[in-house]
Amino acid sequence: MNLRDKLKNYDKKVDRKKRVHEKENIEYIDTDKFNSKDISNQYGRYIVSINHYNYNFKHGLYQIDQLFKGLNKSVLESILNKTSNTDFVPNLKEKMLFVDTETTGLMGGTGTCAFLIGLAFFENDTFTVKQYLMRDYDEEPAMLSDIKKIFDEKEIVISFNGKSFDLPLIKTRLILNKFEQISYSLHLDLLHSARRIWSYLDSCSLSSLEENILNFQRTKDIPGYYIPNIYFEFLKSKKLELLAPIFEHNIYDILSLVTLLTHLKEVYQESVVNLCADELYRIGKIKEKNKEYKSSIKYYKKACLKYKDNGLKYKVLKSLSWQYKRINSYNKAVEIWNEMINDFDYDQFPYIELAKYFEHKEKNYKKALSYTLSAKNLLYEKSIMIERYSKKLKNINHRIKRLKDKNDI
Amino acid sequence: MNIEQMKSYLKEKDDFISRITYWKEIESKDAKYVDLPKELDHRLKNILKEKNIDKLYNHQKIAYDKVSKGENTVVVTPTASGKTLCYNLPVLNEILQNEGSRALYMFPTKALSQDQLSGLYELILALDQNIKTYTYDGDTQVSARKSIRQSGDIVITNPDMLHVGILPHHTKWIKLFENLKYIIIDEVHSYRGVFGSHVANVIRRLKRICTFYGSDPIFICASATIDNPGELSSKLIGEEVTVVDQNGAPSGPKDFIFYNPPVVNKELGIRRSYVLESKKIADIFLKNKIKTIIFTRSRLKTEIILSYLRENKLKDLEIRGYRGGYLPNERRDIEKGLRDGTIDGVVSTNALELGVDIGQLDASILAGYPGTIASSWQQAGRAGRGMKRSISILVASSNALDQYIVNNPEFFFNQPAENALINPNNLMILVSHIKCAAFELPFKDGEQFGVETTDQILSYLEDKGILRYKSGKWYWSAERYPAEDISLRSASSDDFSVIDQTNKNNIRVIGRVDYFSVPTTIHKDAIYIHEGRQYQVKELDYDGKKAYVKKADVNFYTDANLAVDLRVLDLFDKKEENVKSFEYGEVVVTAQATMYKKVKFNTHENVGYGDINLPEVEMHTTAWWLSLEKNFEKEMSKKVLENALLGLSNLLVNIAPIYLMCDPRDINSTIQIRSPFTGKPTVFIYDNYPGGVGLSEKIFRVDLKILNSALTYLKKCPCDGGCPACVGPINEVGLKAKEMTLYLLKEVLKGEPEG
């Protein structure tokens, strides 16, 4: 028995379909599609599809040039949610590079290729999207060497989930092809920026954001998990039209990146008037975390005016009262706690806060005790719904004992 | 009672001493010291001096010198002989003198990695030179992984993690691979059989990646005493290896005692159960507060002895079981209990044979010969660390191998330990790893991965649409991530989970069973024993790979019968003699469990049976076979011939391991009265692993020796008409089996020189 038969014997599921014999040197006759050009360089060939968009092109909520209005270092830092040490030169938009890749696998690892790499940037008053395609594995070095040149000219990478997927993948491919590594001074991964504000949505995927936030609806888009197999199919048949939906999918992703970035910029520039309570609450939270208490109060107050469900309002009031407490505006905090007691009976929070206030600020131990006892009653009533019930009860009992001592009861 | 007192007590105990076939008093051995290497970094010398190490054992020094010369080295030493210094010294010296050099340590299990880390940490803390040492395995925090990849000077891992977590992501480990100076492989002897064959391929992949990054690391291996450490290490790493086996470590006095249970039925040659005898001896030790480990040969026996010992209700004694299939945290808990002394006794399979640190035990009882000389010494070595006195007792079962060993002690004490066999070119295993390797880096035309036929395998994978050939390279061209589908620990990755449903509020997985053991251990109504508790299988979800069990309290266990069919696929080699021919080649074995017996505890009598309805399992492996040219059917009835062949096959499986130096469970047999392949009465012995690990080939090389020994042994066997130690019990092989087997053997060996 020869080796091949043995191998087949080991593997009963072997595909016995006749193998399609491939033509080795296929002529790429249809490269005109997708405005594509056949490129040759010292490493070989590949194709690139180039599309230009005028600045007045509108994708979803905004025209492209809306991004440039008031674009500066500080708003980028807000989107990034951290300060950056890099000095941005004045012409920010010319430093930007939008990146999105289509790959042969979704799990990563060195056996996964980025067969289509979409890069987009602003130049000569147009938004240029270049989509680099390797038509087979041997075209990868030629494609990568030209991609690397673009990266070398740019400084700010903008991606969606690129920190853990696209960029490590491109870096892996460069290492495997023994190219020098790319570098950039800033990476805006908009997935993380989006999650900070829109995590209340069922999904924070780009398509969900398009639908719910960016006002864009894709028609006949292919799901991402089909993409690897379409490419493998293409490798066998070399019919470029098979890839048409992938090119389109990739362009949509890049255009949505621009719109998403623009929208984030607008949000942080406070030029979006119709933010919903959820959004306002979460932006308030971001401000709070960054210790911009006054700004967070502003957002929480706006959120209170827009709330649609009581659960959210209660959370907002909680946060708002905390900020007042932080900046020593106790009058306002007390007002909110009273409002919470009047309007809701969700948990013991406002009672305990009032108890603390009367104990430590007013030194009115009787009142403090009375609020604590109310908190305990509420806790009993709501015992099934309250998390970490026994720990909370223990704390309350402890407080009651202390206040009783202070009251000499 | 201390261990000296126990020794005197046993010497005077009549019903003990009368069953001893051999009592070896092994003297303590003094250390052989040499000076520290002159060129050793002064910082290392200083910290060694602080730890009162101003001399090395001579094997440590030799290892250091060989490694310094750039030789791949394997250090062969018994347990507790300072082997870790053999590799820690060269590694730390290199990192101190050439900053940026890195090392990779590989241990067979996570538990061993943890142990090593603590020892190495001590040295590194004392050095105070910011040498970063990390373990990287399945338990490593995700948040810590990035910095380990970038900055770990020494990375400690296991083959499984290397296989799934590191190699397929090698671009994240550039610094390690570019600067990799040493690869340490400890417990090399445990990389044998299927596991070893997998690991050899993982190392092929590792070396391929090192080459890509321009490094050429030196391997330092460490092994317990086996006969072929050099051959094994060299097959494992695919390079020449220098053997260092001049052990200079001291050892305490040890009594190694061979105990043979008395014959209770002379006609049948049946001895008193070695399980019960082992338990009796363990009772004596445990009652007298001597920390004891009892090694058994199977998971089932572990559970049985454990429940017997617990039945005795030895007051205040903590006795635990330990075996594969227990969950990791359960095992860690037991290991800790042994170290800190809260556990007095442990019943274990060979799972505790490896270097898991379990501290000091005084006595070890080997319930049944573990199958190999190497294993026996490892298990005996679990008692008596340092210069302390210890006792080890081998309790023989009535198996041929056990009887051979306890009655031929000179064979045991003079014979070199076994060969560890691996077959890195086992086709199934090889193909799996060629897939992984192609995922990691495309294959170039003409590139070889262990075998010359690499390109044929690559083109087969291309046919299957997994690889794509383009411009002289083979590229991975599938969405899958191949390493994830391949388990290094079993030939197939199809383990079944055992799920306890006794308590509806606490349904949990209590163990795992490999695919080939499913029909015999977790068929419907089987009694599955875990931690000494019995569970009955209520439902087996074969497609979902789950067995649902509930606690049961019955006085029997179940034992399944397998119907085996064997088909020859390919003939590798053939020797024809006058009345017989010996052949070996590739076969497919299908096994179907047909029924099971209920066997009563203690008396081991049959108390019932049931049917098993499960699909057959199939295994491709290699086999040796003997076919008889002479037309025996004319001389005896078909039934008698069948029984004689059965007797012969049983006898060969009993005797062959002595020559193969393998575990008896590594081979299996079947017979065919008229084999479709040979057309004659044929006895098959096959490797009990998918793909085979080289045992059948070895039988082919020594088959006449095996047959001669079988004849001598059979003539001497004290039973009347057949017993489990020779041709098998009469109720299975018939009344005339022994006589007819003897006749067959004589016919086969006619005209052959003896011995």
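Each value in this text was obtained by applying a stated rule to the coordinates, not by laboratory testing. Here the structure is a predicted model, which is why all the values come from computation and not from measurement. Cβ coordinates were reconstructed from backbone atoms using ideal geometry, including for glycine residues, and neighbour counts include every protein chain displayed.
The Cα trace of region B:557-647 gives Rg and Dmax of 17.7, 49 Å, the first to one decimal, the second as a whole number. Once the mean of 1/r is taken over each pair of separate Cα atoms and inverted, the protein assembly as shown shows a Kirkwood hydrodynamic radius of 35.3 Å. When the pairs B:K38/B:K83; A:K69/A:K95; B:K279/B:K598; A:K178/B:K435; B:K83/B:K279 are compared against a 27 Å limit on Cα-Cα distance, B:K83/B:K279 fall above it. Applying a threshold of 26 Å to the alpha-carbon distances of B:K110/B:K550; A:K289/A:K376; A:K287/A:K308 flags B:K110/B:K550; A:K289/A:K376 as lying beyond it. Helix A:227-237 and the long axis of chain A differ in direction by around 0°, with both axes built from C-alpha atoms. Note on A:E211 and B:S517: with the Förster distance fixed at 51 Å, the Cβ-Cβ geometry gives a FRET efficiency of about 0.50. Partner lysines whose Cα lies under 18 Å from the Cα of A:K306, excluding those fewer than 8 positions away in the same chain, are identified as A:K285, A:K298, A:K315, A:K318. The charge dipole of region A:345-409, taken about its Cα centre with unit charges on the Cβ atoms of Lys, Arg (+1), Asp and Glu (-1) only, comes to about 300 debye.
Considering region A:25-268, its Cα convex hull presents a mean projected area of 13.2 nm².
Summary value for chain A: 13 percent relative contact order, contacts being C-alpha pairs under 8 angstrom separated by 6+ residues.
Computed about the Cα centre, the dipole magnitude for region A:25-268 is approximately 380 debye when only Lys and Arg (+1) and Asp and Glu (-1) carry charge, each at its Cβ. Suppose we keep just the DSSP beta bridges with both residues in the protein assembly as shown; what percent of those would be antiparallel, to 5? Bridges in the protein assembly as shown are about 65 percent antiparallel.
Gain on full extension, evaluated as 0.36 nm per residue between B:D543 and B:D333 minus their Cα-Cα distance, stands at 72.3 nm.
Each 10 Å bin from zero up to the one holding the largest Cα-Cα distance in region B:33-244 carries the following percent of pairs: 8, 37, 39, 15, 1. Diffusion coefficient of region A:221-346 by Stokes-Einstein, Kirkwood radius over Cα pairs, 25 °C, 0.890 mPa s: 137 µm²/s. Sparse packing (at most 16 other Cβ atoms within 10 Å of the Cβ) combined with a DSSP loop state is found for the following trypsin sites (Lys or Arg not before Pro) in region B:1-45: B:K13, B:K32, B:K38.
Against the longest alpha carbon principal axis of chain A, how many degrees, from 0 to 90 and to the nearest 10, is the axis of helix A:140-153 turned? So the helix axis and the longest Cα principal axis differ by about 50 degrees. A viscosity of 0.890 mPa s and a temperature of 25 °C, combined with the Kirkwood radius over C-alpha pairs in the Stokes-Einstein formula, give chain B a diffusion coefficient of 88 µm²/s. With contributions of -39500 (n - 2.57) from each DSSP H run of at least four residues, the per-residue ellipticity at 222 nm computed over chain A stands at -15000 deg cm²/dmol.
A Förster radius of 35 Å combined with the Cβ-Cβ distance from A:N364 to A:N290 puts the calculated FRET efficiency at roughly 0.50.
Every helix of 4 or more DSSP H residues in chain B counts as -39500 (n - 2.57), and over all residues that averages to -10500 deg cm²/dmol at 222 nm.
Based on the Kirkwood approach, the hydrodynamic radius assigned to region B:508-597 is 15.8 Å, with every pair of different Cα atoms included. A Förster radius of 22 Å, combined with the Cβ-Cβ distance separating A:H52 from A:E153, puts the computed FRET efficiency at roughly 0.80. Once Rg and the Kirkwood radius are both taken over the C-alpha atoms of region A:275-327, their ratio Rg/Rh works out to 0.93. Computed extension gain for B:N312 through B:E462, at 0.36 nm per residue and net of the alpha carbon distance, reaches 47.7 nm. Within region A:345-409, the ratio Rg/Rh, alpha carbon atoms throughout and Rh by Kirkwood, equals 0.98.
Normalising the Debye intensity of region B:496-554 to I(0), with uniform scatterers on Cα atoms only, and taking log10 at q = 0.24, 0.27 Å⁻¹ returns -0.92, -1.16. Considering only alpha-carbon pairs that sit under 8 angstrom and 6 or more positions apart, the relative contact order computed for region B:427-484 is 38 percent. Put simply, the C-alpha atoms of chain A give a gyration tensor, and the ellipsoid matching it has half-axes of 56, 27, 18 Å, longest first. Treating region B:32-91 as a set of equal point scatterers at the Cα positions, no solvent, please give the Debye-formula log₁₀ I(q)/I(0) at q = 0.20, 0.28 Å⁻¹. Log10 I(q)/I(0), no solvent term: -0.74, -1.38.
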